[in-house]
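Notes follow once the structure below has been shown.
The values are calculated or read from the model by the stated rules, or taken from the named source; none is laboratory data. Bear in mind that the values here come from a model prediction, so they are computed numbers and not experimental data. Please note: Cβ atoms are built from the backbone with ideal geometry, for glycine as well, and neighbour counts cover all protein chains shown. Just the protein is used for accessible areas: all its heavy atoms, side chains included, with ligands, DNA and RNA removed. Shrake-Rupley method; radii C 1.70, N 1.55, O 1.52, S 1.80 Å.
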Amino acid sequence: MLSIAAVFTAKIADGTSMAEHIPEVKAESVETLLSIMASSMMVIATFSAGTMVNAYTSASRSSTPRSLNLIISDDVPQNALSVFIGAFIYSAVALTAMNNAFFGKSGVFLLSSLTCLAFTAVVLTFIRWVDSVARLGRVGSTIQKVECATERAINNRINQPSLGGIPANRAAVQGAHAIYSERVWYIQLIDMAKLQYLASHKDVFINVTMLPGEFVTPDKPIAFVTQPIETDKVTCAFNISDAMLQLSIVI
């Protein structure tokens, strides 16, 4: 959508007096740059995806399962891959418009400027991606990621021991109707905003009895409510999974 918007924005420039104040850019030079981007971006995207898989495979051999999740959650490789694919789509759309003589002098100049910006973004992203892949799975980098995640989890736990709710020993109402989960695994995350929205609209008090990290079974209540309510509306706020490995991140 951004690529199509960029092409039509360049076309709109042809209807202005912009042509009198800008230098003339040959359409052949823009087509050459777009052709280079179109032919190389998909190759680079495929290469980056293969490199990511190889790096994750290598990291899985030298890292623990908990730290491996932190490595995979790093968004630098994913962002780089999206930029490469986005640049390919842009170059294909712009090149199609150029080959059909869609632009005048102003449009060619504006499209040339947009292409230079896209090319600059690709180069900077590639440099950042190479630096990230070079350190991906390294022991020092992995330890730093684990340290940052642990520090963030400890600070969140200290600042919000009750996840933003009222501590149970201060609550005037505990609730008499138990809510059970049908799943057997660990609580990964509790959506407190969803519980608050539900409590406000249903006019109930929800007493959460289990915090993230605890093991859930169908015989253990995860919450109590002051009046009967649909169980699924409460349990959907509890993210329960078999991976106890990411708890230090979400607590």
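In the stretch 82-95, the residues that are in contact (Cβ under 8 Å) with a residue 40 or more places away in the chain and closer than 17 Å to THR9 by Cβ reach residues that are among the β-branched types (Val, Ile, Thr) and open to solvent by 50 Å² or more (accessible area, probe 1.4 Å) with C-beta atoms within less than 8 angstrom, at least six apart or across chains, in these pairs: VAL93/ILE4. Only one entry in LEU124, LEU163, LEU136 is of a type in the set (A, V, I, L, M, F, W, C) and touching a strand residue (DSSP E or B) at 6+ places or on another chain (Cβ under 9 Å), namely LEU163.
The combined condition, being touching a residue at least 24 places away in the same chain (Cβ under 8 Å) and open to solvent by 30 Å² or more (accessible area, probe 1.4 Å), is fulfilled by ASN79. Among the residues of this structure, GLY50 counts as one that is free of Cβ contacts under 8 Å to residues at least 40 places away in the same chain and open to solvent by less than 50 Å² (accessible area, probe 1.4 Å). Taken together, VAL30, VAL25, VAL43 contain a single residue that is open to solvent by less than 80 Å² (accessible area, probe 1.4 Å), at pLDDT 80 or above and aliphatic (A, V, I, L, M), which is VAL30. Taken over the stretch 147-165, the criterion of being outside any helix (DSSP H, G or I) and either among the aromatic types (Phe, Trp, Tyr) or open to solvent by less than 90 Å² (accessible area, probe 1.4 Å) (or both) is satisfied by PRO161, SER162, LEU163, GLY164, GLY165. Within the stretch 126-170, the set of residues being within 22 Å of TYR197 (Cα to Cα) and aliphatic (A, V, I, L, M) comprises LEU163, ILE166, ALA168. Scanning the stretch 124-146 for residues that are open to solvent by less than 50 Å² (accessible area, probe 1.4 Å) and over 20 Å from THR57 (Cβ atoms) yields a count of 1.
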